[in-house]
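See structure below.
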Amino acid sequence: MSSLAPLLENNRAWSARCAAEDPQYFERLAHQQMPRYLWIGCSDSRVPANEILGLRPGEVFVHRNVGNLVVHSDLNCLTVLQYAVEVLKVEHVLVVGHYGCGGVQAVIEQRRTGLAENWLRHLEDVARKHADRFDGITSVDERAARLCEMNVIEQVSNVCRTTILRRAWECGQQVEVHGLVYGLRDGLLRPVGGSVNRGQDQQKQYAQSLAALGTL
């Protein structure tokens, strides 16, 4: 337990600061969460959703996995998505990749990663599907950045094609899906493609997002 002492001390200091700024903060937080946003991002420790968005606990619902993937057989991700959309009634689903992603880099460099290779196969599929979009890009870092962007576009499409979003839109629920890429070097979020909502042609939006690659 002694190895956790610094973390517990940090926690006590943080709790005291929050209570000093707002004495009712934890009481409110314990009784409800009403986030407007669902963040689907990477597990990378350098990409903390709340801090990047400037939001406090309770204001953003979060799902994270290696490579910010939305796989239709991943019940963990789908459960989070369903709860966020159908119960919490979030208004925005944010699919957020980041430059410098280790999973993306491993795929670009064709590095062996052990068990993780099974999960990263989804990223490999994205790279193969859009292999022609790497033409003329010789830098490994630039190829990785391009795959990061393409992956976000693919995962936005995957979110939109879930039964969860289809049902929500059919029922008239106002929820938008957005693709973003976070820059580790400057801390900024960059939109990738346009936002998708209930009345849009999703396939057309997908094609336009891919066509705009390289203009970020």
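The values are calculated or read from the model by the stated rules, or taken from the named source; none is laboratory data. Note that the structure is a prediction, hence the values are computed from the model and not measured. Here the Cβ is made from the backbone with ideal geometry for all residues, glycine too, and neighbour counts use every protein chain on show. With ligands, DNA and RNA removed, areas are computed over all heavy atoms of the protein, side chains included. Shrake-Rupley method; radii C 1.70, N 1.55, O 1.52, S 1.80 Å.
The set of residues in segment 172-204 that are charged (D, E, K, R), over 15 Å from the mean Cα position of the chain (by Cα) and farther than 17 Å from Pro48 by Cα comprises Arg198, Asp201, Lys204.
Which pairs have Cβ atoms under 6 Å, sit 6 or more apart or on different chains, and link a residue in segment 82-95 that is open to solvent by less than 20 Å² (accessible area, probe 1.4 Å) to one that is part of a helix (DSSP H, G or I)? Filtered contacts from segment 82-95: Val85/Ile164; Val85/Ala168; Val90/Ala84; Val93/Val159; Val95/Val152; Val95/Gln155; Val95/Val156. Could you give me the residue pairs with C-beta distances under 9 Å whose first residue belongs to segment 8-26 and is without any contact (Cβ under 8 Å) to a residue 40 or more places away in the chain, whose second residue is open to solvent by 100 Å² or more (accessible area, probe 1.4 Å) wherever it lies, and which are 6+ apart or on separate chains? From segment 8-26, the pairs are Leu8/Met1; Asp22/Arg28.
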